[in-house]
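Asker: After the structure tokens below, expect a handful of questions from me.
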Amino acid sequence: MSSHSESSLNDDPFENARQTMVEKHLRQRDIHDPRVLAAIKRIPREQFVPPGSQRFAYNDCALPIDCHQTISQPYTVAFMCAAAQLTGDETVLEIGTGSGYGAAVLSQLAREVHTVERIPELAEEATGRLQRLGYDNVHVYTDDGTLGLSQAAPFDAIIVTAAAEQLPAPYQQQLNEGGRIIIPLGSETTGQHMYRFTLHNGKLSEENLGAFVFVPLIGKFGHPSDRPE
């Protein structure tokens with residue numbers, strides 16, 4: 001498992017803000033998984049946002065990144081990681097790399113992380129950023145994320161960072177027995193809820209984990225690419 005270099009942590013100007021965010025916005029809002037909290041504490045979120053937004057990096061909110069996309073709020077990232085119930089030995093698929101922040105957090109929680117981004121510019125930037133920061137168990141791909149990633153399957157967990165109206169079929173086909181899919185489902189009109197699907201004996205059970213708001217999942221098994229985001 002990889003981690004950010006410890007060499008400059010003693011002089012890290014964001015360390016207090018990072019600790020405060022974890023205590024105030026995560027621990028006090030029912031994120032109790034100690035591995036998730038520790039992972040969030042280790043990841044320098046300021047490195048995953050544009051330079052002009054670094055002072056807001058530890059506010060509990062989404063922030064704009066390149067290509068008219070956003071980096072998810074820390075609570076949402078922590079919630080999805082906790083819902084995946086990772087122990088450290090898993091192979092994980094993330095759909096929607098964005099800046100790479102979620103993949104960096106997952107890199108501290110799983111053995112291997114494969115992350116798919118449909119926008120080539122974001123995938124290229126995330127690849128460079130993750131490599132520079134030393135997260136060498138993360139592999140970035142440019143593709144239609146609704147197809148999953150058959151060449152690296154099966155996965156112990158699949159985490160989807162955009163909302164579909166229904167579960168894309170390839171995800172179940174690429175899931176290990178006992179594996180979990182964490183995905184927001186719904187639409188702007190009906191509302192969106194986070195779901196956890198778990199595969200038991202070839203069948204998926206589902207749990208509704210509560211209301212969230214996400215951008216639409218674009219692709220063959222999601223929304224059309226010309227839909228406004």
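The values are calculated or read from the model by the stated rules, or taken from the named source; none is laboratory data. Predicted, not measured: the structure shown is a model, and the values here were computed from it. Glycine gets a Cβ as well: all are built from the backbone with ideal geometry, and neighbour counts include every protein chain shown. These area figures cover heavy atoms from the full protein model, side chains too; ligands, DNA and RNA do not enter into them. Shrake-Rupley method; radii C 1.70, N 1.55, O 1.52, S 1.80 Å.
Asker: Using the Cβ atoms and a cut-off under 12 Å, what net charge is assigned to the surroundings of Gly148, where Lys and Arg are +1 and Asp and Glu are -1? The partial results should precede the final answer.
Answerer: Details: positive: Lys220; negative: Glu94, Asp143, Asp144.
Local charge sum for Gly148: -2.
Asker: When a/c is below 1.5 the answer is rounded, else prolate if a/b is larger than b/c, else oblate, so apply that to region 1-123 with a ≥ b ≥ c taken from the square roots of the Cα gyration tensor eigenvalues. If you can, show how the numbers build up before the last one.
Answerer: On the way: a/c = 1.35, a/b = 1.02, b/c = 1.33.
Since a/c stays below 1.5, the shape of region 1-123 is classed as rounded.
Asker: Compute the distance in nm between two label points, each set 7 Å from the Cα along the Cα-to-Cβ direction, one at Gln28 and one at Arg42.
Answerer: It works out to 2.6 nm between the two label points.
Asker: If you take every residue apart from Leu185 with its C-beta less than 13 Å away from the C-beta of Leu185, what net charge results, scoring Lys and Arg +1 and Asp and Glu -1?
Answerer: Every neighbour counted, the sum reads -3.
Asker: With a ≥ b ≥ c the root eigenvalues of the C-alpha gyration tensor of region 60-137, is it rounded (a/c under 1.5), prolate (a/b larger than b/c) or oblate?
Answerer: oblate
Asker: Using a Gaussian network model of the chain with C-alpha springs under 10 Å, which one of Gln54, Gln73, Gln28 is most mobile by mean-square fluctuation?
Answerer: Evaluated over the chain, the most mobile residue of the options is Gln28.
Asker: Once neighbouring chains are kept in place and the probe is 1.4 Å, which whole percent of the accessible area of the chain is contributed by carbon and sulfur? Could you put the intermediate results ahead of the total?
Answerer: Values: 5030 of 10530 Å².
That fraction is 48 percent.
Asker: Can you tell me, using C-alpha contacts under 8 Å and at least 6 residues apart, the relative contact order of the chain as a whole percent?
Answerer: On the way: 464 pairs, mean separation 35.2, N = 229.
Here the relative contact order equals 15 percent.
Asker: If you line up the long axis of helix 120-133 against the longest principal axis of the chain, both from Cα atoms, how many degrees apart are they, to the nearest 10?
Answerer: With rounding to tens, the tilt is 50 degrees.
Asker: Also, quick follow-up: Quick check: net charge around Glu125, other residues with Cβ under 12 Å of its Cβ, Lys/Arg +1 and Asp/Glu -1? Each step should come with its number before you reach the end.
Answerer: Numbers: positive: Arg129, Arg132; negative: Asp66, Glu117, Glu121, Glu124.
Here the count lands on -2.
Asker: In whole Å, what are the extents of the chain along the principal axes defined by its C-alpha atoms, from largest to smallest?
Answerer: Result for the chain: principal-axis Cα extents of 49, 37, 33 Å.
Asker: Can you tell me the accessible area per residue over the chain, all protein chains present, probe 1.4 angstrom, in square angstrom? The partial results should precede the final answer.
Answerer: Details: 10530 Å² over 229 residues.
Per-residue value: 46 Å².
Asker: Give me the number: length gained by fully extending Thr20 to Glu188, i.e. 0.36 nm times residue separation minus the C-alpha to C-alpha distance, one decimal in nm. Provide the component values of the computation, followed by the final result.
Answerer: Values: separation 168, 0.36 × 168 = 60.48 nm, distance 3.26 nm.
Gain on stretching Thr20 to Glu188: 57.2 nm.
Asker: Could you work out how far apart the two model spin labels at Cys61 and Gln73 are, taking each label as a point 7 Å from the Cα in the direction of the beta carbon, and quote it in nm?
Answerer: 1.0 nm
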